[in-house]
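Chemist: After the structure tokens below, expect a handful of questions from me.
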Amino acid sequence: MTRRPVRRRKSTRALPVLAGLLLASALLRLGDPAAIAGLRDLLDTGRAHAADTPGGDVDELDTVLTALKEREAALDAREAALDERAAVIAEGEAALAAQLAEIEAAEARLRDLVKMADKASEQDLTRLAAVYENMKPAEAGPLFEKMPPAFAAGFLSLMRPETSAAIMARVTPDAAYAISVVLAGRNAKNPPIDAATGEQE
């Protein structure tokens, strides 16, 4: 009876190493730092094992090792790109924070300047009202008649009532009416004053 020649199977000693490398490759796709470190060990083990492996398995192992090395290089490049992008974003955030701080400081200075200007304007108006108040009503009357009613009412509200009344007596009825309307409108927004206490109710 003739026996058929038995075909020898190629050595399978490389299979455990290949399995480990494929597992490491899968973990690399997830970006596992431990897998990256383990892959380097597996690559060294694979190279040492390839020397004792039959020719066909050696070629296959070299192909896998090359692919894994390329994968590792690509991941390293991607990680470097992400680190660079994170650095650019952090730098941009720092610059934006600095700009916001400068804007807030400028706004604070502007508010202070506006307060100073308002205070200076109020003081100027008070001094000018005092000048008009010390004038004779016959001299102040024509000046107030030429002023816009709202402007004249603002000065009169800063004066003593008797002085305001004397000046109002020196303007025309039309001007006095217009000024009175402005003063009445301003007072309508404020609570009435108690005649007994002099305080707002």
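Chemist: In the full protein assembly as shown, how much of residue 69 is accessible to a 1.4 Å probe, in Å² to the nearest 10?
Modeler: 100 Å²
Chemist: At 0.36 nm per residue, and after removing the present C-alpha to C-alpha distance, how many nm does the segment from residue 100 to residue 160 gain when stretched out fully?
Modeler: Gain on extension, residue 100 to residue 160, equals 16.7 nm.
Chemist: Under 12 Å from the Cβ of residue 113, count the other residues' Cβ atoms, weight Lys and Arg +1, Asp and Glu -1, and hand me the total.
Modeler: Taking every other residue near residue 113 into account, the sum is +1.
Chemist: Follow-up. Given 0.36 nm per residue, what is the gain on full extension from residue 119 to residue 89 after removing their alpha carbon distance, in nm?
Modeler: Additional length available on full extension: 6.3 nm.
The values are calculated or read from the model by the stated rules, or taken from the named source; none is laboratory data. Quick caveat, the model's predicted, so the values are computed rather than measured. Cβ atoms come from the backbone with ideal geometry, glycine included; neighbour counts cover every protein chain shown. Note: areas computed on protein heavy atoms with side chains; ligands, DNA, RNA excluded. Shrake-Rupley method; radii C 1.70, N 1.55, O 1.52, S 1.80 Å.
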